[in-house]
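Report on the following structure.
The values are calculated or read from the model by the stated rules, or taken from the named source; none is laboratory data. Values in this document were obtained by computation on a predicted structure and should not be read as measured data. Glycine gets a Cβ as well: all are built from the backbone with ideal geometry, and neighbour counts include every protein chain shown.
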């Protein structure tokens, strides 16, 4: 049993090696080359890097679809019948995601993953129609990743409480002491 | 009334200051007539005799700006910068709003008030969000601006924020009897608050309800004052003048996005240079279903509504 665990850890290390040889900065550069200045993804505190728990040693990889004991705060409302964690999260390179093709994607470029299905939104986002841009209309722009506005596990945009309505004309007259 | 002023003028003279020349005497007399006419004791001689903004020389503008800045300093106890940045060459601003994304949360309305130094009591708002029925489509007779549910968007409704459409043929400019409002080269329709006489013809002429009047002295707390202002934009206004959205002229002429664009949580608001083929606004116009509000009036807005979905 221990031998198996060791062998497994060795395998994980081997698998992880190319990931280290290919530093995460490289993908970020790719997005910079595309002219996309994306901020870091909005992780919940303490969850990243995933490999701090999913190091392949203390937690063996189990690719069977099941109810998880951990991460109970995540309720999947994103096609839950046909989807589960490892369709997007990578079982081997724990700190990365993967496309349908199996090609790994960094969390900083997660828009590529979303764009596989939501191609029309992805196209619009790239040219600035979908989503929000801040910064300068004639210069450097700050984009947002899909996941800044849409929770990837429950992507529907949340309802909001509206800010106060304008004062009715009557109310303004009352404020003025009714004098007009 | 004239008699009163005539008798007053020598009194002023006796107490001493401005009797040096005929010109100065006339200035004082005119200012006191102005005071009597406008019922506004605070109008200074310089303010009353100030020329039209477009006819001012560089030095005159500098004098006016420093006068305004010291007035604001005295009133709000902080340094308010009044800019006069001109229109950028090769730029015509355009705006597009995604009706399929807006959820009517009114974040834009209040970010605008904060950015543009509107009166808080009563609160003047340059953006009005209309709640409309999906079944009716864009139909003003089925719209409601005072909606206030627990959560938006409400089932079966969509939301249409309306603000100044920065028309290419602005009816408000056409009707202004004194030329206090005009269209700048970058397409922004501006108001010179020092030239506006408060007749409100422009408000009657505007088919979008985009102009607002300061019925009372605008109430703006020191802490609420945004000190980055523009002469033709968000500098604090006096009582009795008309004001309107200027696409945040104080921001956009420096390359920033308007405040409403930056705050929108759904990214429904798009802004950019209509002359730049790569701008977001051009992408919207070229690839989406776009309409102009009240197009039949031929006001030719530079503000567009579109459906992103």
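Within the stretch B:188-214, the set of residues being more than 25 Å from residue B:107 (Cα to Cα) and touching a residue at least 60 places away in the same chain (Cβ under 8 Å) comprises B:192, B:194, B:195. When you check residue A:75 against the structure, is it more than 9 Å from every other protein chain (Cβ to nearest Cβ), more than 24 Å from residue B:272 (Cα to Cα), in contact (Cβ under 8 Å) with a residue 24 or more places away in the chain and touching a helix residue (DSSP H, G or I) at 6+ places or on another chain (Cβ under 7 Å), yes or no? Here the answer is no, as residue A:75 does not meet what is asked.
Just to be sure, is residue B:218 in contact (Cβ under 8 Å) with a residue 40 or more places away in the chain, touching a strand residue (DSSP E or B) at 6+ places or on another chain (Cβ under 9 Å) and assigned to a loop (DSSP other than H, G, I, E, B)?
Spelling it out, residue B:218 is indeed in contact (Cβ under 8 Å) with a residue 40 or more places away in the chain, touching a strand residue (DSSP E or B) at 6+ places or on another chain (Cβ under 9 Å) and assigned to a loop (DSSP other than H, G, I, E, B).
Do we find that residue B:272 is surrounded by 15 or more Cβ atoms within 10 Å (Cβ to Cβ) and either without any contact (Cβ under 8 Å) to a residue 12 or more places away in the chain or assigned by TED's automatic domain parsing to the domain that holds residue B:127 (or both) in this structure? Spelling it out, residue B:272 is indeed surrounded by 15 or more Cβ atoms within 10 Å (Cβ to Cβ) and either without any contact (Cβ under 8 Å) to a residue 12 or more places away in the chain or assigned by TED's automatic domain parsing to the domain that holds residue B:127 (or both).
Quick one: which of B:171, B:161 is in contact with a helix residue (DSSP H, G or I) (Cβ under 8 Å, 6 or more places away or on another chain) and closer than 23 Å to residue A:157 by Cβ?
Numbers: B:171 fails: closer than 23 Å to residue A:157 by Cβ.
Only one candidate qualifies: B:161.
Are any of the residues in the stretch A:148-171 more than 10 Å from chain B (Cβ to nearest Cβ) and either at pLDDT below 90 or more than 37 Å from the chain's Cα centre (by Cα) (or both)? Yes, there is a match, as at least one residue in the stretch A:148-171 is more than 10 Å from chain B (Cβ to nearest Cβ) and either at pLDDT below 90 or more than 37 Å from the chain's Cα centre (by Cα) (or both). Summed over the stretch A:95-134, residues that are touching a residue at least 60 places away in the same chain (Cβ under 8 Å) and more than 30 Å from residue A:53 (Cβ to Cβ) total 1.
Among the residues of the stretch B:92-109, those that are within 10 Å of another protein chain (Cβ to nearest Cβ), in contact (Cβ under 8 Å) with a residue 40 or more places away in the chain and either surrounded by fewer than 19 Cβ atoms within 10 Å (Cβ to Cβ) or over 25 Å from residue B:275 (Cα atoms) (or both) comprise B:101, B:103, B:104, B:105, B:107, B:108, B:109. Of all residues in the stretch B:241-289, those satisfying the criterion of being farther than 15 Å from residue B:230 by Cβ, out of contact with any strand residue (DSSP E or B) (no Cβ under 8 Å at 6 or more places or on another chain) and not in a loop (DSSP other than H, G, I, E, B) are B:263, B:283, B:286, B:287.
The condition (being at the interface with chain B (Cβ under 9 Å from one of its Cβ atoms), exposed (fewer than 15 other Cβ atoms within 10 Å of the Cβ) and outside any strand (DSSP E or B)) is satisfied by just one residue among A:139, A:131, A:102: A:139. Among the residues of the stretch B:180-200, none qualifies, meaning not one is assigned to a helix (DSSP H, G or I), over 15 Å from the mean Cα position of the chain (by Cα) and away from chain A (no Cβ under 14 Å). With respect to residue B:228, is the statement that it is without any contact (Cβ under 8 Å) to a residue 24 or more places away in the chain, over 10 Å from the mean Cα position of the chain (by Cα) and within 20 Å of residue B:110 (Cβ to Cβ) true? It is false that residue B:228 is without any contact (Cβ under 8 Å) to a residue 24 or more places away in the chain, over 10 Å from the mean Cα position of the chain (by Cα) and within 20 Å of residue B:110 (Cβ to Cβ). Looking across B:174, B:221, B:254, one residue alone is within 11 Å of another protein chain (Cβ to nearest Cβ) and either over 16 Å from the mean Cα position of the chain (by Cα) or buried (at least 22 other Cβ atoms within 10 Å of the Cβ) (or both). It is B:254. I'm trying to understand the selection: among the residues of the stretch B:43-60, which are in contact with a helix residue (DSSP H, G or I) (Cβ under 9 Å, 6 or more places away or on another chain) and in contact (Cβ under 8 Å) with a residue 40 or more places away in the chain? Those that are in contact with a helix residue (DSSP H, G or I) (Cβ under 9 Å, 6 or more places away or on another chain) and in contact (Cβ under 8 Å) with a residue 40 or more places away in the chain: B:47, B:50, B:53. Taken over the stretch B:110-146, the criterion of being within 10 Å of chain A (Cβ to nearest Cβ), closer than 28 Å to residue B:237 by Cβ and surrounded by fewer than 18 Cβ atoms within 10 Å (Cβ to Cβ) is satisfied by B:121, B:123, B:145, B:146.
Quickly run through the stretch B:69-86 and pick out the residues that are surrounded by 14 or more Cβ atoms within 10 Å (Cβ to Cβ) and in a loop (DSSP other than H, G, I, E, B). Scanning the stretch B:69-86 gives B:80, B:84, B:85. Assessment of the stretch B:226-234 against the conditions (within 14 Å of chain A (Cβ to nearest Cβ) and touching a helix residue (DSSP H, G or I) at 6+ places or on another chain (Cβ under 6 Å)) yields no matching residue. If you go through the stretch B:201-210 and keep only what is in contact with a strand residue (DSSP E or B) (Cβ under 9 Å, 6 or more places away or on another chain), away from chain A (no Cβ under 14 Å) and either closer than 27 Å to residue B:276 by Cβ or part of a loop (DSSP other than H, G, I, E, B) (or both), you end up with just B:208. Against the list (1) within 24 Å of residue B:215 (Cα to Cα); (2) within 14 Å of another protein chain (Cβ to nearest Cβ), the condition residue B:157 fails is (1). Look at the stretch B:232-254: where a residue is within 14 Å of residue B:219 (Cβ to Cβ) and a partner is modelled with pLDDT of 95 or more and not in a loop (DSSP other than H, G, I, E, B), sitting 6+ places away or on another chain with Cβ atoms under 6 Å, you get B:237/B:243.
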